[in-house]
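In what follows, a single structure is set out as C-alpha cells and then discussed.
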Amino acid sequence: MTRPPLNRRLAEFGTTIFAEMSALAARTGAINLGQGFPDTDGPEEVREAAVRALRDGRGNQYPPGPGVPELRTAIADHQRERYGLEYDPDAEVLVTAGATEAIAASLLALVEPGDEVIALEPYYDSYAACVAMAGGTRVPVTLRPHEGAYVLDLDELRAAVTDRTRLILLNTPHNPTGTVLTRAELTAVAELAVERDLLVVTDEVYEHLVFDGAEHVPIASLPGMRERTVTISSAGKTFSFTGWKVGWITASPELTSAVRAAKQFLTYVSSGPFQYAVAEALRLPDTYFDGLRADLAAKRDLLSEGLAQAGFEVYRPSGTYFVTTDIRPLGATDGFAFCRSLPERAGVVAIPNAVFYDHRDEGAPFVRFAFCKRTEVLEDAVSRLKRLA
Ligand SMILES: *Cc1c(COP(=O)(O)O)cnc(C)c1O
C-alpha cells in the first residue's frame, strides 16, 4: 500500500483507550472501572416490555424513520413533565441509535467544512471524531478544577467564539468531570449563543444522574434557546441498558429535519423492539429515578472516600457515574503511565483523562474511575487501591 488506509480526517482516532484498558483488565484480572457501563441490568419490567414487543412482532421489521410513535410521544411527555418543554412528537422528536448517532448526525448535518465547533474540554471521545468527520475544526474550552470541582471559565468561552463558530457542543452533567452546569452558567452560555447567533448541541445523557440536590437545567428551556438547540439524550445511562442503543433528539422542526437528513444515511433505523420498551421506561414512576440517584450517590461516596484514603485528590462529582481524581498527591504526574501500571500495582483499571483533551498537558495528572458497579465490586476495588497508600 502506498499510503495508510485511514484517511487524514480520522488518522488521530485509530483506536480508543477503552479498548486498550479493557484488554488490560481482561489480561490481568483487574477490576475494570475504566469504561462506564453498569454491571447490572436495568428494571425487570422494562426488559419484559422488550420481550413482549419482540414476541408480539412490534419492531422486528424496520420501524418508522423518526422512531416509533409510542416512543416519540413518551419523549415529548418526558420533556414537558420534567422541564416544561413542549415538543411535537411528529416534527420535533427523532429517535437515534443511541446518543452516539445523535451526536454524529447532528454534527454531520449542521457543520460545514471549516466551521468551528466549541466543545468543553475534557470531552467525550466521540465529539472530536464527529467534528472531524464533518470537516469542522474543534475549539476546546477547558474546564478546570477550582475549590474541589470543575468549573467553566465564561470569559474563555466568550473569547473562543469567532466569526467561523457554528455551534457550541455542551455536555451537562459532564463526563468525565461530573460537573453539572448551573443555571447561571447556562444562562451565560445561552446569552452568548443568542448574541452571536450560534446553535447549541447539548448532550444530556446523564440528565437523571444528579446528586446532592443539584438541578439539571436543559439549556433549551432558557430564553431564546428552544429554536437554536438540539437536545440529545438516551436510555443507556438512565435505565442501565447501554447495549440497547436507544437515543433521541428534541429540537425545532427545522433542526430535527436537518439531523434526520444525516441520520437516515447512517443507520436509517435501529433497536425496533427496544424502542417500545424505552417508551414504557420513560413512564416509570419517580420512585425509579429517585432510587437510581440514591443508589449511585451511595456508590459515589463509597468510591470517592476509598480513593481519598488511597491518596488521590478527589473531585466529588455532582452528576454522572464518574469520579475524576488527581494523581499528583501519589507522586505521579502522567496519567497514561499511571493507568498502564495500575492493574499490576493495585488490580484496578481506570482511564487517563488526557485522552479527553486537546491540551494533553492540562489533562495529564487526572484519572477517571466509574462507579456504576455493584457495591461489592466497589468495596473490593477500594480495598485493592489501599495498596497505593
Ligand atoms: C455514554 C455517553 C454517550 C453515548 O450514549 P449511547 O446512548 O450509548 O450512544 C454520549 N455522551 C456521553 C457524554 C456519554 O457518556
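The values are calculated or read from the model by the stated rules, or taken from the named source; none is laboratory data. Here the structure is a predicted model, which is why all the values come from computation and not from measurement. FYI the Cβ positions are ideal-geometry reconstructions off the backbone, even for glycines, and counts take in every protein chain you see.
Consider only pairs whose beta carbons are under 6 Å apart and that are at least six residues apart or on different chains; among these, list those whose first residue lies in segment 175-200 and is among the basic types (K, R) and whose second residue is modelled with pLDDT of 95 or more and outside any helix (DSSP H, G or I).
Listed by first residue and then by second, the contacts come to R183/V217; R196/V161.
Conditions tested, residue by residue: (1) within 16 Å of the ligand (Cβ to nearest atom); (2) β-branched (V, I, T); (3) crowded, with 21+ Cβ neighbours inside 10 Å.
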{"residue": "L107", "(1), (2), (3)": "yes, no, yes"}
{"residue": "V117", "(1), (2), (3)": "yes, yes, yes"}
{"residue": "M133", "(1), (2), (3)": "yes, no, no"}
{"residue": "A159", "(1), (2), (3)": "no, no, no"}
{"residue": "L169", "(1), (2), (3)": "yes, no, yes"}
{"residue": "L181", "(1), (2), (3)": "yes, no, yes"}
{"residue": "E185", "(1), (2), (3)": "no, no, no"}
{"residue": "A190", "(1), (2), (3)": "no, no, yes"}
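Pairs needed: first member in segment 270-283, in a helix (DSSP H, G or I); second member anywhere, among the polar types (S, T, N, Q) and crowded, with 21+ Cβ neighbours inside 10 Å; C-beta distance under 8 Å; at least 6 residues apart or different chains.
Every condition considered, the pairs that remain are A281/T238.
Identify all residues within segment 49-72 that are free of Cβ contacts under 8 Å to residues at least 40 places away in the same chain and among the acidic types (D, E); write none if there are none.
Of everything in segment 49-72, just one residue is free of Cβ contacts under 8 Å to residues at least 40 places away in the same chain and among the acidic types (D, E), namely D56.
Hey, could you check segment 28-43 for residues that are under 10 Å from A350 (Cα atoms) and outside any loop (DSSP other than H, G, I, E, B) and say which is nearest to the ligand (Cβ to nearest atom)?
Only one residue tops the list, namely N32.
Suppose we filter V259, V348 for residues that are within 16 Å of the ligand (Cβ to nearest atom) and crowded, with 17+ Cβ neighbours inside 10 Å; which single one remains?
Details: V348 fails: within 16 Å of the ligand (Cβ to nearest atom).
Exactly one of V259, V348 is within 16 Å of the ligand (Cβ to nearest atom) and crowded, with 17+ Cβ neighbours inside 10 Å, namely V259.
Given the structure, is P176 under 12 Å from the mean Cα position of the chain (by Cα) and buried (at least 18 other Cβ atoms within 10 Å of the Cβ)? Break it down into steps so the answer makes sense when it comes.
Values: under 12 Å from the mean Cα position of the chain (by Cα): yes; buried (at least 18 other Cβ atoms within 10 Å of the Cβ): yes.
Yes: the conditions hold for P176.
How many of the residues making up segment 69-105 are within 16 Å of the ligand (Cβ to nearest atom), assigned to a helix (DSSP H, G or I), within 17 Å of V269 (Cβ to Cβ) and of a type outside the set (A, V, I, L, M)?
3
How many residues does segment 302-351 hold that are in a strand (DSSP E or B) and in contact with a Lys or Arg (Cβ under 8 Å, 6 or more places away or on another chain)?
Step one: list which residues in segment 302-351 are in a strand (DSSP E or B), which gives 313-315, 319, 322-326, 348-349, 351.
If we keep only those that are in contact with a Lys or Arg (Cβ under 8 Å, 6 or more places away or on another chain) as well, we get 313, 322-325, 348, 351.
Qualifying residue count for the region: 7.
Can you work out which of the residues in segment 210-242 that are acidic (D, E) and either assigned to a loop (DSSP other than H, G, I, E, B) or crowded, with 21+ Cβ neighbours inside 10 Å (or both) is nearest to the ligand (Cβ to nearest atom)? Break it down stepwise before answering.
At the first step, the residues of segment 210-242 found to be acidic (D, E) are 212, 215, 227.
Adding the requirement that they be either assigned to a loop (DSSP other than H, G, I, E, B) or crowded, with 21+ Cβ neighbours inside 10 Å (or both) leaves 212, 215.
Details: D212: 20, E215: 19 Å.
Result: E215.
What are the pairs, 6+ residues apart or on separate chains, where a residue within segment 353-377 that is in a helix (DSSP H, G or I) has its Cβ under 9 Å from a residue that is among the polar types (S, T, N, Q) and surrounded by fewer than 21 Cβ atoms within 10 Å (Cβ to Cβ)?
Pairs found: V355/T16; E362/T142; G363/T142.
For A149, all conditions in the list (1) touching a Gly at 6+ places or on another chain (Cβ under 9 Å); (2) surrounded by fewer than 23 Cβ atoms within 10 Å (Cβ to Cβ); (3) under 22 Å from R8 (Cα atoms) hold save one; what is the number of the exception?
(3)
I need the full set of residues from segment 103-141 which are charged (D, E, K, R) and within 19 Å of S234 (Cα to Cα), in order please.
Residues of segment 103-141 charged (D, E, K, R): 112, 115-116, 121, 125, 138.
Answer for segment 103-141, where residues must be charged (D, E, K, R) and within 19 Å of S234 (Cα to Cα): just D125.
Collect the residues in segment 135-174 that are in a strand (DSSP E or B), without any contact (Cβ under 8 Å) to a residue 40 or more places away in the chain and among the aliphatic types (A, V, I, L, M), keeping them in residue-number order.
Listed by number, the residues that qualify are V139, V141, V151.
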